[in-house]
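K.L.:
Supplied in structure tokens, the structure appears directly below.
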């Protein structure tokens, strides 16, 4: 198996024939530049299969441990909470 990459950030771009996923690591509080870890290019068919696999994994996780927090809402609320 190739080396492992930890990612806490992903950017996606779509083309007519494929989808590009750039997985990266954003160190610290986000003020430092994003470090690109790995780029994955997949066909739409493979993205569809991966989407179903990930949806099933999340469903099982939430069944066993409860709902995942919405990290986008948490990320947006942090600066506002610090001000108030």
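Every residue, every condition in (1) assigned to a helix (DSSP H, G or I); (2) under 24 Å from residue 4 (Cα atoms); (3) touching a strand residue (DSSP E or B) at 6+ places or on another chain (Cβ under 7 Å), yes or no:
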site	(1), (2), (3)
33	no, yes, no
37	no, yes, yes
47	yes, yes, yes
53	yes, yes, no
57	yes, yes, no
63	yes, no, no
67	no, no, no
73	yes, no, no
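K.L.:
Only one of 66, 48 is at pLDDT 90 or above and at positive phi. Can you tell me which? Let's see the steps before the verdict.
P.N.:
Working: 48 fails: at positive phi.
When all the criteria are applied, what remains is 66.
The rows are residues; the columns are (1) without any contact (Cβ under 8 Å) to a residue 12 or more places away in the chain; (2) more than 16 Å from residue 71 (Cα to Cα).
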{"position": "12", "(1), (2)": "yes, yes"}
{"position": "15", "(1), (2)": "yes, yes"}
{"position": "20", "(1), (2)": "no, yes"}
{"position": "26", "(1), (2)": "no, no"}
{"position": "31", "(1), (2)": "yes, yes"}
{"position": "36", "(1), (2)": "no, yes"}
{"position": "40", "(1), (2)": "no, yes"}
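K.L.:
So residue 7 clears everything in (1) surrounded by fewer than 10 Cβ atoms within 10 Å (Cβ to Cβ); (2) at pLDDT 90 or above; (3) in a loop (DSSP other than H, G, I, E, B) except one condition, right? Which one?
P.N.:
(1)
The values are calculated or read from the model by the stated rules, or taken from the named source; none is laboratory data. Since this is a predicted model, take the numbers as computed values, not measurements. Note: ideal-geometry Cβ built from the backbone for every residue, glycine included; neighbour counts use all protein chains shown.
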